1. At 1.4 Å probe size, what's the solvent-accessible area of Y54? Round to the nearest 10 Å².
2. Using a 1.4 Å probe, how large is the accessible area of L44, given in Å² and rounded to the nearest 10?
3. What is the extension gain from R64 to Q40, computed as 0.36 nm multiplied by their sequence separation minus the C-alpha to C-alpha distance, in nm to one decimal?
Amino acid sequence: TDRVPVVILMGDGLPARGDQAGFYRFMENNQEYIDRALQQARLLRQKHILFSFYQFMDERHLWRDYADDMARRITASAGGTLYRIESPATMALSLMTAYDRLRSAVLE
């Protein structure tokens, strides 16, 4: 009873399928992944599993709006927290901050 289930998702902000050449079809190419991610996120929320999404912000260029929207939708569906990591160099600090937030949420 003193343990809390947690799921941590790390994303590079790029679509699972597609490349720059297929940019205008990336939403269609990735719809299966999007639907599955949203379904699983809702399940996490129903089961009261804490969810954190760490999204890397660099090297996204064309996919930025798409990645930001999908990260927000998935996180909202799970009732979780979205953390944006500007660079890998700031990841350790982001993880420590997230751990502190999760720990204090569990203790409340």
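The values are calculated or read from the model by the stated rules, or taken from the named source; none is laboratory data. Values in this document were obtained by computation on a predicted structure and should not be read as measured data. Surface areas here come from the heavy atoms of the whole protein model, side chains and all, with no ligands, DNA or RNA. Shrake-Rupley method; radii C 1.70, N 1.55, O 1.52, S 1.80 Å.
1. Approximately 0 Å² of Y54 is accessible to the 1.4 Å probe.
2. Around 30 Å² of this residue is reachable by solvent.
3. Details: separation 24, 0.36 × 24 = 8.64 nm, distance 2.28 nm.
Using 0.36 nm per residue and subtracting the Cα-Cα distance, I get 6.4 nm.
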